[in-house]
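Have a look at the structure below, then the notes.
The values are calculated or read from the model by the stated rules, or taken from the named source; none is laboratory data. None of these values were measured; they are calculated from a predicted model. FYI the Cβ positions are ideal-geometry reconstructions off the backbone, even for glycines, and counts take in every protein chain you see. The accessibility values were calculated without ligands, DNA or RNA, using every heavy atom of the protein model including side chains. Shrake-Rupley method; radii C 1.70, N 1.55, O 1.52, S 1.80 Å.
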Amino acid sequence: MYMIESKGGAISCMLLALFFLGTWPAIMTLTERRGRLPQHTYLDYTITNLLAAVIIAFTLGQIGPSRPNFTTQLSQDNWQSVMFAMAGGIVLSLGNLATQYAWAFVGLSVTEVITASITVVIGTTLNYFLDDRINRAEVLFPGVACFLIAVCFGSAVHRSNAADNKSKLQGFKSLETTSSFQIETGPADSDLAKGKAKEGTAAYLIELEKQRAIKVFGKRTIIGLAITFFAGICFSLFSPAFNLATNDQWHTLKHGVPKLNVYTAFFYFSISAFVLALILNIRFLYWPILGLPRSSFKAYLNDWNGRGWSFLAGFLCGFGNGLQFMGGQAAGYAAADAVQALPLVSTFWGILLFGEYRRSSRRTYVLLISMLFMFIVAVAVLMASSGHRK
């Protein structure tokens, strides 16, 4: 199997993982805003997410002189470590599923900021002690503090942007009961009459609400925040569980049984994530939540609108997770949590693709820039804390 030996190689894996893991949520948001049901999107995503793990296992997990390789470990008595890997896959799958609904309520940027910050504060602390403190604490924990500051800025950005949107839509007395006639004849009509509504205007927000799969007008933001915090807790546990699977810090394996390599652990990790996602999303097809329309497995198979994007999102997430784990095994999983600064990437896509924060107030822009700056500092500091696993 192929092993990352140098700190530079580990950091390269982390940076590439950061780009991948920051991009796939934007693609999933794109399909939802175009009206595709999240259940359909997530079912497609889970297929290629698992396929990415299989590709990594049968390529990187098989090449090179290091032993044991992937296929050898499939027959070894390592079920204790396999259980840790599968537990990590389960909590990650729950977190990913939750964020798909949270994006609709509080936006892509804020969802990623809150979940990433919770993940780093809890997950990094757990990984630091599990890895026997191979990362430099005097560097690592100031980086964690930067994430805490970033989440404060993120919350302020959300409140400020929500106030901006409310001000834009104040011509409608009740967004929950806004009718199509009101939309066509309301104060936003001048923008709509010109064709496609301009990003950031009231017309754009209303047009988006009409098109998207999850309707959010009239829904309380607290629902989205509750879903977001649940996702953050799930995300904070998957990396420590994977750490336990590959390094056996609790000495659960029998004497003489090799520890799981990254590729074998990632394979089992992805299998459990796939199975849970498949079960939950098929259930949501027939018994949907949050007011989504009822669907069926036949309708899902016939829905090709945005399927290619969904497949791409699954590949990006799968390869991103694999790269994060490869970097973490080499330089410490606490340092690898730097990839949770994915709001750096997702905020860029949110602005570019969805017009988030367009025509917002100066206060919102100042807070947004401050948030992004803190994430840049956090990434630099966390990566500087990288150690070397013996």
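Structure above, values below:
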quantity: Helices (runs of 4 or more DSSP H) within region 274-390 that include 2 or more residues at pLDDT 90 or above, open to solvent by 10 Å² or more (accessible area, probe 1.4 Å) and over 22 Å from GLY232 (Cα atoms); calculated: 297-302, 307-331, 362-384
quantity: Residue ID - nearest to LEU260 (Cα to Cα), chosen from residues in region 1-32 that are among the hydroxyl-bearing types (Ser, Thr, Tyr) and not in a helix (DSSP H, G or I); calculated: TYR2
quantity: Contacts under 7 angstrom Cβ, first residue in region 25-38 being at positive phi, partner open to solvent by 20 Å² or more (accessible area, probe 1.4 Å) and not β-branched (Val, Ile, Thr), 6 or more apart; calculated: GLY35/GLN211
quantity: Subset tally (residues that are part of a helix (DSSP H, G or I) and more than 15 Å from the chain's Cα centre (by Cα)) for region 33-50; calculated: 8
quantity: Of all residues in region 344-390 being in contact with an Asp or Glu (Cβ under 7 Å, 6 or more places away or on another chain) and of a type outside the set (Gly, Ala, Ser), the one that is farthest from THR31 (Cα to Cα); calculated: LEU382
quantity: Selection count, region 254-273, where residues are under 21 Å from LEU237 (Cα atoms), open to solvent by less than 40 Å² (accessible area, probe 1.4 Å) and among the aliphatic types (A, V, I, L, M); calculated: 4
quantity: Candidate set from region 135-185 (those that are acidic (Asp, Glu) and at pLDDT below 75); member that is most open to solvent (accessible area, probe 1.4 Å); calculated: GLU176
quantity: Positions within region 51-68 being in a loop (DSSP other than H, G, I, E, B) and either surrounded by fewer than 21 Cβ atoms within 10 Å (Cβ to Cβ) or in contact with a Pro (Cβ under 8 Å, 6 or more places away or on another chain) (or both), in sequence order; calculated: GLN62, ILE63, GLY64, PRO65, SER66, ARG67, PRO68
